[in-house]
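Before anything else, here's the structure in question.
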Amino acid sequence: MRKIVNLLTATLVCLALLPGRALAQYENGSIVGTVHDGSGAVVSDATVKVTNMATGVVSTRQTSESGDYEVPALRVGQYNIEVSKEGFAPVRATDISVSVAARQRIDLTLKIGETSTTVEVSGVSLQVETDTSQRGQIVTQYQTAALPLVSRNYSDLIGLTTGVRQTTQSYSSTSNTGLVREGSFNVNGQRSIFNNFLLDGMDNNAYGESNQGFSNQIIQPAPDSIAQFQVVTNNETAEYGRASGAVVNVAFAQGGNQFHGRVYEFIRNTDLNATGFFRPPGGQKPAYNRNQFGGNFNGPIVKDHLFFFLDYEGFRQSRKQISSATLPTPNQLAGKFSRTVYDPYDQTSYAAGTSILNSPNISPAARTIAQLIAQQGPTSATVNNFTTLQRSNNRSDKGNLRLDWALNPKNSFFLRVSDLKQNATDFPIFGLPLDGGSNGDQRILDQQIALGYTRVIGSNQLLDARLGLSRTKAGKFSRSIGTNPGITFPGLPTDPLVAGGIPGIGISGFSALGRQTTNPQFQNPALLNPKVNYSWVVKNHSLKAGYEYQQVWMAVQDTNPLYGGFTFSGAYSRDYKDVTASNPLQAATSDNYVADFLWGASSAYSLSSYFVAHLRNRSQFAYLQDDWKVSPRLTLNIGLRYEYTTPYWEQKNQQANFDPTLAASNPLGAMVPVTATGNKYGYDPDRNDFAPRFGFAYAVDDKTAIRGGYGISFSHYDRAGSGNILAINPGAALFVTVTQAAPNAGGNAATYVPIDKGFPSSTLTFNPITANVTYIDGNRYRDSYVHNYYLDVQRSFAKNILFDVAYVGNHGLKLLQFGNYNQADPTVITNGKFTRPIPTYGDITIALHEAYSHYDALQLRYEQRMVAGLTLLNSFTWSHALDNAGASLEANTPSFQDYRNPAADYGQSEYNQPIVNTTSLVYELPFGRGRHYLNTGGIVNQVLGQWQVSAVNQVTSGFPYQINYNPPTANQVSGISASYRGSNLYRPNRVAGQVLNSLDKSKSTGTSLQYINLAAISLPTAVPTVNNVPVSPFGNMSRDPGRSPMYTTLNLAFNKRFDTPMERLKVEFRGELYNALNHTNFTQPGGSIASTSSGALTGGTITSTFDPRIVQFGAKVLF
């Protein structure tokens, strides 16, 4: 590795010594062109002067022997160009628009004489791209300010780009009481974590291992504080890396020579919104009140040299959203069941309708919890029999200060300081102490400092250096902490940071009770990110080289359940004593699940130790890029990038990895600490991450370009919770699950710990059979990478009108997925149980980089800018995405059904939405002063003039969903809970000839709607048939077999600007309607299928929708 780094460093130094003209970019753009004379001959040594219209900063270059010029490192904005040479009349081009990381071509002609010429070039000029093969989309400040933003984040508009679909975690719905994940998009069928966010050229990605900051970015600038942003979706230059998805390159706004500012407020109110399809009890409208307010002020400190930009935004929101749950019925809570159940302590039978609460063995803790459940008022329905309005609050404050200093024509600097504080509360659905697994209080602090320095060396070279420092402190804390529920479970921790409330209770087929098992949890990542670019032009080669370093520090608490958890799966209340070959054991039903709970007979209990891991990792990136102008019509973009990222290490070397070769002979010694191997990572890093990039752009004529490209990109970061963190392993931390023994056939009593006895003192003593272990096989480890490729044709039909048609594809390899390395084998039965490959160990979560994906798409884009007052962008994608694993914390499918058969999971991806069509428009109505009609001032202009209408309309295929079931404990091949990485997601069988899902709104119960056709599903043989012998739980249904109803929404905005007696003071009033037509967009159905006492299947209902119509009003004062 050291030799590779030294070689790259030497290469950069040698390249830096070559003469040439600089070209550094980051978030800046450049103006390129060729100067001719009247005869068409090129003009060399002409002086090109480019002036920023806002700041007055001037950049000067000379044309080359071939008449070419390039003016790099220009901030996003408007520019004037003047070209002059002795013997020719000067020529000027005005109001040139420079975009983020884009090359704006302006070819000019000098004429003999003395009279200067001014060429009119529109500031919104849209051109075919003949100098770059990067595929993406520019979103201008005009669009950001005008278009309706449902969350008022600029990232809402990333979806205007072809190939982009929004993840379900980023949508607001009628049942989503927690924070939505901002900036979460799947680009060209890839995982959302594979995107790369840049702000002012600096890494702006959130590095929390389970994203408690609830954004994929560290800093989320207000829309009014962004100059422009670019989304690159394919064949990015070698300058960009770290991830294989989109590069979202954001340029923060800056001040100029004039003072400008604005203040604004946007409000949403319950009374203005629609109620929605599902209605809570009583039919009252869900409460929704929101205020978003702020402003910015910018201008000069020293004219032409030093400028500032200052902003602030506040956010206040209070919602009550419909939440449904499935609770035991009143009869079940009273101990009355529709089948005979059996006391697990003495096998006493209780006939149907006879209350088991008379049993002397009923758990006192369970009796008290059952009374709390009964107070919630569940109905006798078997599914979604409880509905309420669940409350949530959200408050944030954020601000930024940016300084730009043009010291002289050769040296410029900038400094930006950003701060965000956010506090949100997800209140319990059932109240305390019953809770219901709520997030509780969520606290977030994001801070960032960015520094930039640009140095012009001589007349032809330029150095651009950046330094960023970011940090996040984010976590969630149960509102049960510190409370006394009046129920005692011995063995629970007494630490005031953890203690309080009821442990997590999971009764199969019912909603979660008690505390959220992953709570409390926090992560506090910090990032140091220096980087440098150096670039120049040698004849017709634009060469660039660069180096970037990253250091991540992160404190993580993610051991769970810290306050314990119990699961109940009906293993104990069945008739074991009379099991024979002719009288097989009955299948467990919801009655057995509840009966087990009331008797306090948990099938498993879990507990973890409190541990804070202090993680570290480093990355080094280096690249070379050549943009070669082979001919006036053909440009080749050729690059090579090398990336090296270490695995995490722990500050105090408190990591351990599993060694399967020692498991049989020395089970305790199979957990090998890194101090014993001398490898602080626990396995060797991948040192082979060479990423070539190749692209071409061919200008068929002045209005047509053919472009294409191929490249390899690596992704080094996977947001996977604690699933691939070796510090959270026995030795430093313990996560224990004890699976309790069920009674044996013939009536032999079970041996288990009732819940009233809590957690034995030995629970948190390392026992390989009960401890959950994380394993990373160094021999199979490789960084994830993706082959990206595309071919497109661009055609300009008229000024500022562009059409683009493209084939886009990619192939992902070595993607992260989890499995249970010690999954029991259902084909090998020993002592009446499935046999584990390593009998001396229990569950072993293995983090695998062996998943794969494919994506193919037709992508069409039509764009026009300010043609007859209309700016229009339509992005259409017809695609097919396949994979055998989705991303952790994002997908329906966090784990394989069968770890030993990963190919069986290959199929429709979680991200597969075949049709996505997004249309956006901004239209300046043609009335009033300066417009086509009624071009006058006074009252006519005040009433009819300066109106603007904008809209975003989106139509997509539905969202894929998963179908699964929970087999009896005896038939399970893993003890890992379904909510944890490495678990097995059991799928049922598909019944041939039956339609899987259909939408019939008339079948709504008011709080739910049956969507999955249960007749299309059958459960695998769920119980032993002879002598209590278990059977395989794996069904034949494919991954993500169904799709929710189609999604369509129209967002509208109406904006009216008023002049005031003060010429520079303007007032705007704005009305916005989100989902303006109030179209009901259903969320995915619940895919968990269960069996009732009668054998009928339940599940497959839709209980929520995406937001109905929401109305927002706003006002801005601009000066």
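The values are calculated or read from the model by the stated rules, or taken from the named source; none is laboratory data. All values derive from a computational prediction rather than experimental measurement. No Cβ is skipped: glycine too gets one built from the backbone with ideal geometry, and neighbour counts run over all protein chains shown.
So, in the range 624-657, of the ones that are out of contact with any Ser or Thr (no Cβ under 8 Å at 6 or more places or on another chain) and among the hydroxyl-bearing types (Ser, Thr, Tyr), which residue ends up surrounded by the fewest Cβ atoms within 10 Å (Cβ to Cβ)?
SER631
Then there is this: Within the range 100-116, take every residue that is among the hydroxyl-bearing types (Ser, Thr, Tyr) and at pLDDT below 90 and give me the one that is surrounded by the most Cβ atoms within 10 Å (Cβ to Cβ).
Once the filter is applied, the top-ranked residue is SER116.
Can you confirm whether the range 580-590 contains a residue that is surrounded by 24 or more Cβ atoms within 10 Å (Cβ to Cβ) and either in contact with a helix residue (DSSP H, G or I) (Cβ under 7 Å, 6 or more places away or on another chain) or in the same structural domain as LEU462 (by TED's automatic domain parsing) (or both)? Step through it out loud before you land on a result.
Of the range 580-590, the ones surrounded by 24 or more Cβ atoms within 10 Å (Cβ to Cβ) are 588-590.
Retained after the next criterion (residues that are either in contact with a helix residue (DSSP H, G or I) (Cβ under 7 Å, 6 or more places away or on another chain) or in the same structural domain as LEU462 (by TED's automatic domain parsing) (or both)): none.
Within the range 580-590 (the criterion being surrounded by 24 or more Cβ atoms within 10 Å (Cβ to Cβ) and either in contact with a helix residue (DSSP H, G or I) (Cβ under 7 Å, 6 or more places away or on another chain) or in the same structural domain as LEU462 (by TED's automatic domain parsing) (or both)), the answer is no, since none of the residues qualifies.
Is it the case that GLY982 is of a type outside the set (Phe, Trp, Tyr) and within 30 Å of ASN820 (Cβ to Cβ)? Spell out the reasoning first.
Values: of a type outside the set (Phe, Trp, Tyr): yes; within 30 Å of ASN820 (Cβ to Cβ): yes.
Judged against the criteria, GLY982 is a match.
Oh, and also: Quick check, is TRP947 touching a strand residue (DSSP E or B) at 6+ places or on another chain (Cβ under 6 Å), farther than 27 Å from ARG987 by Cβ and touching a residue at least 40 places away in the same chain (Cβ under 8 Å)?
Details: touching a strand residue (DSSP E or B) at 6+ places or on another chain (Cβ under 6 Å): yes; farther than 27 Å from ARG987 by Cβ: yes; touching a residue at least 40 places away in the same chain (Cβ under 8 Å): yes.
In short, yes.
Here is a follow-up. Just to be sure I understand the filter: pairs with C-beta atoms under 6 Å, separated by 6 or more residues or on different chains, first member in the range 309-331 and under 22 Å from THR1083 (Cβ atoms), second member among the charged types (D, E, K, R) and outside any loop (DSSP other than H, G, I, E, B). Which pairs pass?
Filtered contacts from the range 309-331: GLN317/ARG290; LYS320/ARG391.
Additional query: Please indicate, with yes or no, whether at least one residue in the range 938-953 is closer than 30 Å to THR1092 by Cβ, buried (at least 18 other Cβ atoms within 10 Å of the Cβ) and at pLDDT 90 or above.
We begin by selecting, within the range 938-953, every residue closer than 30 Å to THR1092 by Cβ; these are none.
Looking for residues that are closer than 30 Å to THR1092 by Cβ, buried (at least 18 other Cβ atoms within 10 Å of the Cβ) and at pLDDT 90 or above, one finds none in the range 938-953, hence no.
Let me ask something else. Would it be correct to say that VAL612 is surrounded by fewer than 21 Cβ atoms within 10 Å (Cβ to Cβ) and more than 23 Å from PHE477 (Cβ to Cβ)? Step through it out loud before you land on a result.
Numbers: surrounded by fewer than 21 Cβ atoms within 10 Å (Cβ to Cβ): yes; more than 23 Å from PHE477 (Cβ to Cβ): no.
No; evaluated as a whole, the condition is false for this residue.
Return the residues of the range 852-872 that are at pLDDT 95 or above and hydrophobic (A, V, I, L, M, F, W, C); say none if nothing qualifies.
ALA857, LEU858, LEU860, LEU870, LEU872
Continuing with this model, one more query. Starting from residues that are at pLDDT 95 or above and hydroxyl-bearing (Ser, Thr, Tyr), keep the ones in the range 1044-1066 and report whichever is nearest to ILE939 (Cα to Cα).
THR1049
The rows are residues; the columns are (1) at pLDDT 95 or above; (2) over 28 Å from PHE477 (Cα atoms).
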| site | (1), (2) |
| --- | --- |
| ASN186 | yes, yes |
| GLY189 | yes, yes |
| ILE193 | no, no |
| SER210 | no, no |
| GLY213 | no, no |
| ILE219 | yes, no |
| ASP224 | yes, yes |
| GLY241 | no, yes |
| ASN249 | yes, yes |
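Please enumerate the residues belonging to the range 545-603 that are modelled with pLDDT of 90 or more, in contact with a Phe, Trp or Tyr (Cβ under 8 Å, 6 or more places away or on another chain) and at positive phi.
Result: GLY564, single match.
Quick one: LEU497 ticks every box in (1) within 32 Å of the chain's Cα centre (by Cα); (2) modelled with pLDDT of 95 or more; (3) not assigned by TED's automatic domain parsing to the domain that holds LEU420 bar one, so which box is it?
Going through the list (1) within 32 Å of the chain's Cα centre (by Cα); (2) modelled with pLDDT of 95 or more; (3) not assigned by TED's automatic domain parsing to the domain that holds LEU420, LEU497 breaks only (2).
Give me the strands (runs of 3 or more DSSP E) completely within the range 178-295, filtered to those with at least 3 residues that are over 24 Å from LEU1118 (Cβ atoms) and not small (Gly, Ala, Ser), ordered by residue number.
Numbers: elements: 185-187, 196-199, 226-234, 247-252, 260-268.
Here the list reads 185-187, 196-199, 226-234, 247-252.
Return a yes/no flag: does the range 926-936 have any residue that is part of a loop (DSSP other than H, G, I, E, B), modelled with pLDDT of 90 or more, outside the structural domain of TYR171 (by TED's automatic domain parsing) and within 30 Å of GLN321 (Cα to Cα).
no
Give all pairs with beta carbons closer than 8 Å in which a residue from the range 462-488 that is closer than 30 Å to VAL537 by Cβ and in contact (Cβ under 8 Å) with a residue 24 or more places away in the chain meets a residue that is acidic (Asp, Glu) and assigned to a strand (DSSP E or B); count only pairs at least 6 apart in sequence or on separate chains.
Within 8 Å, the pairs are GLY468/ASP203.
Find the strands (runs of 3 or more DSSP E) located wholly in the range 33-104 whose residues include 2 or more that are outside the structural domain of VAL630 (by TED's automatic domain parsing) and among the β-branched types (Val, Ile, Thr), and list them.
So the answer is 47-52, 58-62, 77-84, 91-98.
Additional query: Does TYR453 meet the test of being of a type in the set (Ser, Thr, Tyr), surrounded by fewer than 19 Cβ atoms within 10 Å (Cβ to Cβ) and within 34 Å of the chain's Cα centre (by Cα)? Break it down into steps so the answer makes sense when it comes.
Numbers: of a type in the set (Ser, Thr, Tyr): yes; surrounded by fewer than 19 Cβ atoms within 10 Å (Cβ to Cβ): yes; within 34 Å of the chain's Cα centre (by Cα): yes.
When the stated conditions are applied, TYR453 passes them.
Condition (residue is crowded, with 21+ Cβ neighbours inside 10 Å, over 34 Å from the mean Cα position of the chain (by Cα) and in contact (Cβ under 8 Å) with a residue 60 or more places away in the chain) applied to the range 832-849: is it met by at least one residue?
Yes; the residues of the range 832-849 include at least one that is crowded, with 21+ Cβ neighbours inside 10 Å, over 34 Å from the mean Cα position of the chain (by Cα) and in contact (Cβ under 8 Å) with a residue 60 or more places away in the chain.
Right, something else. Quick one: SER511 ticks every box in (1) assigned to a loop (DSSP other than H, G, I, E, B); (2) in contact with a strand residue (DSSP E or B) (Cβ under 6 Å, 6 or more places away or on another chain); (3) modelled with pLDDT of 95 or more except a single one, so which number is it?
(3)
Looking only at the range 265-322, how many residues end up being in contact with a Lys or Arg (Cβ under 6 Å, 6 or more places away or on another chain), at pLDDT 95 or above and under 23 Å from PHE427 (Cβ atoms)?
Residues that pass the stated criteria total 6.
In the range 208-230, which residues are within 19 Å of GLN169 (Cβ to Cβ) and out of contact with any Phe, Trp or Tyr (no Cβ under 7 Å at 6 or more places or on another chain)? Walk me through how you get there before you give the answer.
Step one: of the range 208-230, the residues within 19 Å of GLN169 (Cβ to Cβ) are 208-218, 220.
Within the range 208-230, GLY208, GLU209, SER210, ASN211, GLY213, PHE214, SER215, ILE218, GLN220 meet the criteria.
Oh, and also: Which one of these is of a type in the set (S, T, N, Q), surrounded by 18 or more Cβ atoms within 10 Å (Cβ to Cβ) and either out of contact with any helix residue (DSSP H, G or I) (no Cβ under 8 Å at 6 or more places or on another chain) or free of Cβ contacts under 8 Å to residues at least 24 places away in the same chain (or both): ASN1036, ASN1081?
It is ASN1081.
Checking ASP304 against (1) in contact (Cβ under 8 Å) with a residue 24 or more places away in the chain; (2) assigned by TED's automatic domain parsing to the domain that holds ASP464; (3) assigned to a loop (DSSP other than H, G, I, E, B); (4) over 29 Å from VAL57 (Cβ atoms): exactly one of these is not met. Which one?
Of the numbered conditions (1) in contact (Cβ under 8 Å) with a residue 24 or more places away in the chain; (2) assigned by TED's automatic domain parsing to the domain that holds ASP464; (3) assigned to a loop (DSSP other than H, G, I, E, B); (4) over 29 Å from VAL57 (Cβ atoms), the odd one out for ASP304 is (4).
A further question follows. Residues in the range 454-462: is at least one modelled with pLDDT of 95 or more and touching an Asp or Glu at 6+ places or on another chain (Cβ under 7 Å)? Working first, answer last.
Step one: filter the range 454-462 for residues modelled with pLDDT of 95 or more, giving none.
Taking every residue of the range 454-462 in turn, none turns out to be modelled with pLDDT of 95 or more and touching an Asp or Glu at 6+ places or on another chain (Cβ under 7 Å).
Shifting gears a bit: Does VAL57 fit the bill of being at pLDDT 90 or above and in contact with a helix residue (DSSP H, G or I) (Cβ under 7 Å, 6 or more places away or on another chain)? Give the steps one after another, and end with the answer.
Working: at pLDDT 90 or above: yes; in contact with a helix residue (DSSP H, G or I) (Cβ under 7 Å, 6 or more places away or on another chain): no.
For VAL57, the condition - at pLDDT 90 or above and in contact with a helix residue (DSSP H, G or I) (Cβ under 7 Å, 6 or more places away or on another chain) - is not met.
With the condition kept exactly as written, say whether any residue in the range 705-725 is touching a helix residue (DSSP H, G or I) at 6+ places or on another chain (Cβ under 6 Å), outside any loop (DSSP other than H, G, I, E, B) and either at pLDDT 95 or above or not β-branched (Val, Ile, Thr) (or both).
Yes: one or more hits.
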